[in-house]
Every structure is written in C-alpha cells, then in structure tokens.
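J.: Before I ask anything, let me first share the structure, which is written out below as structure tokens.
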Amino acid sequence: GTSCVLPRDGGTDDAFLPLAAACFSAESSDGTSFQICPFHNATQNKGGRRLALVGSSWAWAERDARMVISGGDACPNHVRRRAELTFECGGVSAVLSVSEREMCSYSFRFGTPAACASS
C-alpha cells in the first residue's frame, strides 16, 4: 500500500492530524471542483480530470487557524498556484467555500471540530 506521511505539525495537541487521513471536495462557481487533502495536496478538477495542482506544501500561517498551501502548477501569469485555507469551528469536517481571490490564488474556508477547541 501507499505510505502515509504524517505532517510534522498537526497543530496544538495534533488536533488537526486526523484530517490528513481524508480528502474533501468542493464545487466552485465556475464549474470546476477542488479536492483538498489536508497536509498532502490540493487540486483543481473538471469533469473528473485534474486541471491543476493548487499546491502540495502546507505551512501554518497562523497556528490552529490558517494554512498556506504552496508549490502549485505554474499559471499563465508566471506565478505558481497557491491557496490559503482558513479553519473554522464546525460540527463536521467539510469545505465551506472556495473562491479565487486573484488569478491562481485561492481561498478555502474549512469547517472542522478540530478548530473548536482552540477558539
């Protein structure tokens, strides 16, 4: 089988580590969808086919609250795709919203019980 590499920093008390075991998808308003696999990668897809890697490098921008996902595919404007993911307290883990703030720079809102403890 494939080995699952656990992130070095799963947040306070590793509260966010369980998210690394799953992937979450969300539809975008432009007909594409995003698949977010916490601590692994994020991709943009259309019709079941992968369009682009949004990023595969995860780092805390604000511990237990925000992560930056970087190292994505290059864009026409010569920047690499990236995203910022904001964790919010939620009863179940799910992507709440996806938006493209500027070309090839995405914003994900992610609800999870892991974010409830720290707030």
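The values are calculated or read from the model by the stated rules, or taken from the named source; none is laboratory data. Owing to the predicted nature of the structure, the values given are computational and were not obtained by experimental measurement. All Cβ positions, even for glycine, are placed from backbone atoms using ideal geometry, and neighbour counts span all protein chains on display. Accessible surface is based on the protein model in full, side chains and every heavy atom, while ligands, DNA and RNA are left aside. Shrake-Rupley method; radii C 1.70, N 1.55, O 1.52, S 1.80 Å.
J.: What ranking, highest mean first, results for peptides 17-23, 74-80 when packing means the other Cβ atoms within 10 Å averaged over each residue?
T.: Numbers: 17-23: 15.3, 74-80: 10.9.
Result, highest mean first: 17-23, 74-80.
J.: For S29, S107, S57, give me the order by solvent-accessible area with a 1.4 Å probe, most accessible first, ignoring ligands, DNA and RNA.
T.: Values: S29 125, S107 25, S57 60 Å².
Putting S29, S107, S57 in descending order of accessible area: S29, S57, S107.
J.: Give the peptides 94-105, 32-43 in descending order of average Cβ contacts within 10 Å, highest first. Mind dumping the intermediate values first?
T.: Working: 94-105: 14.9, 32-43: 20.0.
Answer by packing, highest mean first, reads 32-43, 94-105.
J.: Separate question: Could you give the distance between the Cα centres of the range 78-119 and the range 25-75, to the whole Å?
T.: 9
J.: Among P76, V54, C37, pick out the residue whose Cα is farthest towards the positive end of the charge dipole of the range 1-109, where Lys and Arg carry +1 and Asp and Glu carry -1 on C-beta, about the Cα centre.
T.: P76
J.: Let me ask another. Let me check I've understood the local charge: for R50, count other residues with C-beta under 13 angstrom from its C-beta, Lys and Arg +1, Asp and Glu -1. What total comes out? Walk me through the numbers on the way to the answer.
T.: Details: positive: K46, R49, R81; negative: D73.
Local charge sum for R50: +2.
J.: Can you check what the net charge comes to around G72, using other residues whose Cβ is under 9 Å from the Cβ of G72 (Lys, Arg +1; Asp, Glu -1)?
T.: Working: positive: R80, R81, R82; negative: D73.
Once positives and negatives cancel, what remains is +2.
J.: Counting heavy atoms of the protein chains only and a 1.4 Å probe, report the per residue accessible area for the chain as a whole number of Å². All intermediate terms of the calculation are to be shown ahead of the outcome.
T.: On the way: 6580 Å² over 119 residues.
Heavy-atom accessible area per residue stands at 55 Å².
J.: Using a cut-off of 15 Å between beta-carbons, work out the net charge of the residues near D9 (Lys and Arg +1, Asp and Glu -1, D9 not included).
T.: -1
J.: Ok, one more. Distances longer than 21 Å among the Cα atoms of the chain: what percent of all pairs is that? Intermediate values should be presented prior to the final figure.
T.: Details: 2320 of 7021 pairs.
That fraction is 33 percent.
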